[in-house]
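**Student:** Before we start, here is the structure in question, set down as structure tokens.
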Amino acid sequence: MAYKAPKPASTKKSHHLNATRLDSILPAVSETLGLKQKTAEFAILALWPVVLSRMGLETILNRSKAYKLSVQGGKTTLRVRVSDAACAGDCTFVMDTVREALNQFSPQTGIRVDKIQVRIG
């Protein structure tokens, strides 16, 4: 009969204990790294095609892309690139309505867009 060594005592730590510690420090780490703000910014950028599609603005949607959110002096600006001057002209007529539609999501994102800046390129 072969010799079986006794099993060593378990060295596993409680996963519950580690999760509790992580839960207690995660908000502070997230705030320090600005992750909450970045997540909200990505949400706004991701909403651009959704809002334009819901509004039936596929011609603008197919020729534009929201690429940056910036805050200066407490005002939030969404920066959008369009393919050509004709699209930029079309945007001037609907950007206030698009901005209002984006701001309907501010309870979820925590961001209110004050201005949409359109740039060709």
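**Student:** Obtain the nm distance between the two label points defined at LYS38 and VAL94 by a simple spin-label model: each point lies 7 Å from its Cα along the Cα-to-C-beta direction.
**Tutor:** 3.2 nm
**Student:** Continuing with this model, one more query. Ranked by Cβ crowding within 10 angstrom, fewest neighbours first, how are VAL82, VAL50 ordered?
**Tutor:** Ascending number of Cβ neighbours within 10 Å: VAL50, VAL82.
**Student:** Show me, for the range 59-73, the HN-Hα J-couplings you get by feeding each phi into the Karplus relation (A = 6.51, B = -1.76, C = 1.60, θ = phi - 60°), rounded to Hz, glycine and proline as x.
**Tutor:** 5, 6, 4, 6, 10, 9, 8, 6, 10, 7, 10, 10, 10, 9, x
**Student:** I've got another one for you. Excluding SER83 itself, what net charge comes from residues whose Cβ is under 12 Å from its Cβ, given Lys and Arg +1 and Asp and Glu -1?
**Tutor:** Numbers: positive: ARG63, LYS65, ARG81, ARG119; negative: ASP84, ASP90.
Charge balance in the 12 Å sphere: +2.
**Student:** Sticking with this one: Starting at the first residue of the range 26-35, write each ³J(HN,Hα) from the Karplus equation 6.51 cos²θ - 1.76 cosθ + 1.60 with θ = phi - 60°, in whole Hz, x for Gly and Pro.
**Tutor:** 4, x, 5, 5, 4, 5, 4, 7, x, 5
We did not get these values from a lab; they are worked out from the coordinates using the rules stated. Given the structure is predicted, the values throughout are model-derived calculations rather than measurements. Note that we place each Cβ from the backbone using ideal geometry, even for glycine, and neighbour counts take in every protein chain shown.
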